[in-house]
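Trainee: Here it is, the structure in full.
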Amino acid sequence: MKALVYHGPGKMSLDECPKPTLNAATDAIVKVTKTTICGTDLHILKGDVPTCVSGRILGHEGVGIVDEVGTAVTAFKKGDHVLISCITSCGKCEYCRKQMYSHCTTGGWILGNKIDGTQAEYVRIRYADTSLYPIPAGADEEALVMLSDILPTGFECGVLNGKVQPGNTIAIVGSGPIGLAALLTAQFYSPADIIMVDLDDNRLEVAKRFGATKTVNSKDGKAAEAVMKLTGNRGVDTAIEAVGVAATFELCEKIIAAGGTIANIGVHGTKVDLHLESLWDRNLTITTRLVDTVSTPMLLNVVQSKRLDANLLITHHFKLDDVLSAYDTFGHAANTNALKVIITM
Ligand SMILES: [Zn+2]
Ligand SMILES: [Zn+2]
């Protein structure tokens, strides 16, 4: 089968690989029909993710059709249409019993990281019963690819952890796919104001179409002043960090109102200063989280009911044969205006 293989920092190629086979009774083999590329895949290519070694098939998002199941799999059978979760969960360990699937002792984020992933014609899914979701008949499967990772990530790590409330003011720092996923799902709670912050005017325009009430371009280094002005010097009740660099987290520290919550989503590779000298008396909460995908069934219902249009996030389409062009397009989003790219087998 064809698969996109990581060959160490800066190197990848579309290779001919052996089709995966069942390894354990709880495994399933899924014929992938559609997948996508995540910002995290670009981090891997930069060499930022040491658990992902050379020779690994990348990808942790996608939909497909069950091709084969192990003898212990009871929830799925050959031919079932399934959504692949970016998080693998055994359902039995201490963390899974707490619904903290991201920290499953034998699962978590392993797909396209510690085991071969979804940017391939076939993928082996561990613990299929608890790591796959059934796709209802007639569903828009392309839209559901957004449910493998970015919608639950934006919702759980940003909106739920950020305690977004009706009538509150929130800021989302970073208007990439994850920030936009937080923007779309924050609106479940009817915040009064959603201020989107980014360096890219095109992404801020997209954010307005997606429901942002105000936008701030942070290029001039004065985003904190701009957000404070927009909030009458009060700051925001929730600041969602959706970039993963020191400057954007420190911006959240500057714009958070007393009693507010800073919800980090970004993947941070370097240290960030915590300004306790100005924050110690502000009654703040700071949260961090790796997506647990506990909200996936709920989000699936919301997308199915068309209350949320996940297709808004999809800007480009490629065939697996052109996956390198897909990476090029996704990796140069400032020029291509790419959000999520769909790769069809
Ligand atoms: Zn991802
Ligand atoms: Zn577990």
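Trainee: With A257, A239 as the choices, which residue is surrounded by 16 or more Cβ atoms within 10 Å (Cβ to Cβ) and over 18 Å from the mean Cα position of the chain (by Cα)?
Mentor: On the way: A239 fails: over 18 Å from the mean Cα position of the chain (by Cα).
Answer to the check: A257.
Trainee: Out of curiosity, is L42 touching a helix residue (DSSP H, G or I) at 6+ places or on another chain (Cβ under 8 Å), aliphatic (A, V, I, L, M) and crowded, with 16+ Cβ neighbours inside 10 Å?
Mentor: The answer is no for L42.
Trainee: Yes or no: the stretch 97-111 includes at least one residue that is more than 15 Å from ligand 2 (Cβ to nearest atom) and either among the charged types (D, E, K, R) or touching a Ser or Thr at 6+ places or on another chain (Cβ under 6 Å) (or both).
Mentor: no
Trainee: Shifting gears a bit: Please state which of the following conditions A75 fails to meet, knowing it meets all the rest: (1) at pLDDT below 95; (2) more than 16 Å from ligand 1 (Cβ to nearest atom).
Mentor: Going through the list (1) at pLDDT below 95; (2) more than 16 Å from ligand 1 (Cβ to nearest atom), A75 breaks only (1).
Trainee: Quick one: how many residues across the stretch 95-115 are under 18 Å from V145 (Cβ atoms) and more than 18 Å from the chain's Cα centre (by Cα)?
Mentor: 0
Trainee: Looking at D140, D200, which one is out of contact with any Gly (no Cβ under 7 Å at 6 or more places or on another chain), touching a residue at least 24 places away in the same chain (Cβ under 8 Å), at negative phi and not assigned by TED's automatic domain parsing to the domain that holds K229?
Mentor: After applying the criteria, what remains is D140.
Trainee: So which of L132, L144 is within 20 Å of G79 (Cβ to Cβ), in contact with a Leu (Cβ under 9 Å, 6 or more places away or on another chain), at pLDDT 95 or above and within 16 Å of ligand 2 (Cβ to nearest atom)?
Mentor: L132
Trainee: May I ask you to list the residues in the stretch 90-116 that are within 16 Å of ligand 1 (Cβ to nearest atom) and touching a helix residue (DSSP H, G or I) at 6+ places or on another chain (Cβ under 9 Å)?
Mentor: Residues of the stretch 90-116 within 16 Å of ligand 1 (Cβ to nearest atom): 101-102, 107-116.
Scanning the stretch 90-116 gives Y101, S102, G107, G108, W109, L111, G112, N113.
Each row is one residue, and each column tells you yes or no for (1) within 16 Å of ligand 2 (Cβ to nearest atom); (2) crowded, with 20+ Cβ neighbours inside 10 Å; (3) touching a residue at least 40 places away in the same chain (Cβ under 8 Å).
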{"position": "L4", "(1), (2), (3)": "no, yes, yes"}
{"position": "G8", "(1), (2), (3)": "no, no, yes"}
{"position": "T21", "(1), (2), (3)": "no, no, yes"}
{"position": "A24", "(1), (2), (3)": "yes, no, yes"}
{"position": "K46", "(1), (2), (3)": "no, no, no"}
{"position": "V49", "(1), (2), (3)": "no, yes, yes"}
{"position": "G55", "(1), (2), (3)": "no, no, yes"}
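Trainee: In addition: Collect the residues in the stretch 71-96 that are free of Cβ contacts under 8 Å to residues at least 40 places away in the same chain, within 8 Å of ligand 2 (Cβ to nearest atom) and not in a helix (DSSP H, G or I), keeping them in residue-number order.
Mentor: The answer is G91, K92, C93.
Trainee: So N301 passes all but one of these: (1) surrounded by 18 or more Cβ atoms within 10 Å (Cβ to Cβ); (2) assigned to a helix (DSSP H, G or I); (3) not aliphatic (A, V, I, L, M). Which condition number does it fail?
Mentor: Among (1) surrounded by 18 or more Cβ atoms within 10 Å (Cβ to Cβ); (2) assigned to a helix (DSSP H, G or I); (3) not aliphatic (A, V, I, L, M), N301 violates only (1).
Trainee: Can you find, within the stretch 322-333, the residue that is surrounded by the fewest Cβ atoms within 10 Å (Cβ to Cβ) among those that are in contact (Cβ under 8 Å) with a residue 60 or more places away in the chain and under 19 Å from the mean Cα position of the chain (by Cα)?
Mentor: Residue satisfying both the conditions and the ranking: G331.
The values are calculated or read from the model by the stated rules, or taken from the named source; none is laboratory data. Since the model is a prediction, treat every value here as computed from it, not as a measurement. Using ideal geometry, Cβ is built from the backbone for each residue, glycine included, and neighbour counts are taken over all protein chains shown.
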